[in-house]
Amino acid sequence: MKIAFILPHFYPYVGGAETLFYNLAKNLAARGHEVRAVAETVDDEHRGHVKLDGIDVWYCDWKSAFGHPFPKKKDIEQHIAWCDLVHTSPFTTAPVVSRLAKKYNKPSVMTVYEVRGRKWFWSDVIFRALIYYAVEQYTCRQQFDAYHAISEATRKDMLRYCGKKRDVRRIYLANEMGSDKSPANPDFSIRKFFKVKDELLFLYYGRPGRTKGVYVYEKAICRLKKKGVDLSNVRFCFLLGKEPEKPRREFLNRMRDDGLRGVVRVRPSLPKEDLAACIHQADCVVVPSLTEGFGFSALETCQSGTPLIHSDAGSLPEVAYGRCASFRNRHVKELADRLEAVIRGDEDAFTEIPEKTFSLESMLDEMEELYTETIEKKC
């Protein structure tokens with residue numbers, strides 16, 4: 001079949017959504033489908049029409065606001081007219097794709113990563129939360145023939161906040177960061193990188209955004225210190241992305257003001273193989289998210305066999321397995337208790353959860369099935 005992906009961003013733009021669509025597009029092309037992708041220009045090398053891993057990609061010069069590009073109708077109309085099915089994502093591309101799919105009577109699918117609904121008000125000032133809530137409602141209520149949710153939690157939130165009379169199919173994403181198919185750099189040492197010797201090493205990695213729970217984590221560490229827990233042989237290590245810049249700066253200032261510099265190490269993000277080594281070598285990974293559409297960091301940790309402490313936000317309970325300890329979302333005391341149990345070496349600090357599988361082949365098979373059913377219904 002001929003498939004057109006109309007997206008805000010595409011490879012080599014870095015992000016979970018971009019990784020999903022790049023892997024989906026190139027593997028569908030490898031299975032014999034004709035695949036096109038249209039997205040915003042990334043850099044001088046990725047501009048105009050480019051052939052990439054069997055995909056015909058059109059990188060377009062679109063104006064952006066708040067990190068979201070606004071597609072031009074003239075750049076995408078020919079591709080929707082060409083395809084058997086068009087696939088997009090929420091926010092800026094959804095409205096124009098929905099209209100053009102109707103114009104050309106093309107089957108359409110929208111992938112929904114996460115629907116926050118009232119959860120926007122958990123982490124933002126009210127006027128910004130109202131704007132984000134309104135934009136989410138507008139884009140996620142656009143009419144498509146089928147909706148793909150990346151987790152059961154996202155599927156339920158989509159139905160809860162955006163209308164129940166929808167065909168929302170849950171298809172899990174594939175992830176191989178922690179598997180043998182994505183090996184860690186054998187020459188990388190997390191302890192040398194963070195300048196940690198034999199201390200117990202907790203790792204957090206990802207964006208410093210408020211919804212990622214870093215402030216909950218900081219408060220939990222501060223609670224341990226105030227309680228008098230011996231942290232002399234413990235280090236809380238953070239691999240923090242540069243964006244969003246303001247929350248990152250506020251987070252670093254808060255740790256300084258709370259006197260946590262002696263037990264905290266903060267370094268910038270790492271390349272994929274070095275990150276995989278970090279996950280493998282950490283004593284424990286902490287994922288304190290307030291919202292989570294899928295939870296790549298939790299799954300990567302589980303696939304690596306590293307113990308995991310995670311909140312019960314969104315999809316995290318769906319993807320977590322192995323040696324895990326969970327705490328109630330946004331509950332500082334519970335997170336502090338889980339950390340303290342690991343520091344003390346309690347035998348019951350973790351619960352063993354049976355292994356779960358999230359394979360590329362399964363994702364591709366289910367996506368092809370969704371496409372076929374959507375086309376047949378349209379006919």
dims of region 220-379, Cα set, principal axes, largest to smallest, nearest Å -> 66, 39, 30
For 293-299, 319-325, 254-260, 188-194, ranked highest to lowest by mean beta-carbon neighbours within 10 Å, the order is 293-299, 319-325, 188-194, 254-260
Residues whose modelled amide H sits under 5 Å from the amide H of H310, counting only those 5 or more places away in sequence or on another chain, are V287, A325, S326, F327
Distance in nm between D84 and R47 label points, each 7 Å along Cα→Cβ, equals 3.5 nm
Log10 I(q)/I(0) at q = 0.12, 0.14, 0.21 Å⁻¹ for region 184-266, from Debye over equal alpha-carbon scatterers, is -0.36, -0.49, -1.03
Counting sequence-distant residues (5 or more places) and residues on other chains, those with an amide H built under 5 Å from that of V112 are H148, A149, I150
Expressed to one decimal in nm², the mean projection of the alpha carbon convex hull of region 121-269 is 12.4 nm²
Toy charge model, Lys and Arg Cβ at +1, Asp and Glu Cβ at -1: the chain dipole around Cα centroid in debye, rounded to 20, equals 1680 debye
Checking rank on 327-333, 232-238, 212-218, 373-379, with mean other Cβ inside 10 Å and highest first, the result is 212-218, 232-238, 327-333, 373-379
So the FRET efficiency between K246 and F70, C-beta based with R0 = 25 Å and rounded to 0.05, is 0.60
The alpha-carbon center of region 294-369 and that of region 64-138 are separated, in whole Å, by 30 Å
Residues meeting the amide H criterion for V38 (H placed from the backbone, H to H distance under 5 Å, 5 or more places apart or on another chain) are F5, I6, L7, W58
Here the alpha-carbon Rg of region 12-69 over 2.2 N^0.38 Å rounds to 1.14
The alpha-carbon pair-distance distribution computed for the chain, with 10 angstrom bins and whole-percent values, is 5, 22, 31, 25, 13, 4, 0
Of all DSSP beta bridges having both residues in the chain, the percent classed as antiparallel (nearest 5) is 20 percent
For the table K195/K226; K63/K212; K164/K378; K272/K377, the rows whose alpha-carbon distance is greater than 30 Å are K272/K377
Rg/Rh of region 78-168 (Cα atoms, Kirkwood Rh), to two decimals, equals 1.01
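Only the coordinates and a few stated rules stand behind these numbers; no lab work does. Note that the structure is predicted; figures quoted are calculated from it, not measured. Cβ coordinates were reconstructed from backbone atoms using ideal geometry, including for glycine residues, and neighbour counts include every protein chain displayed.
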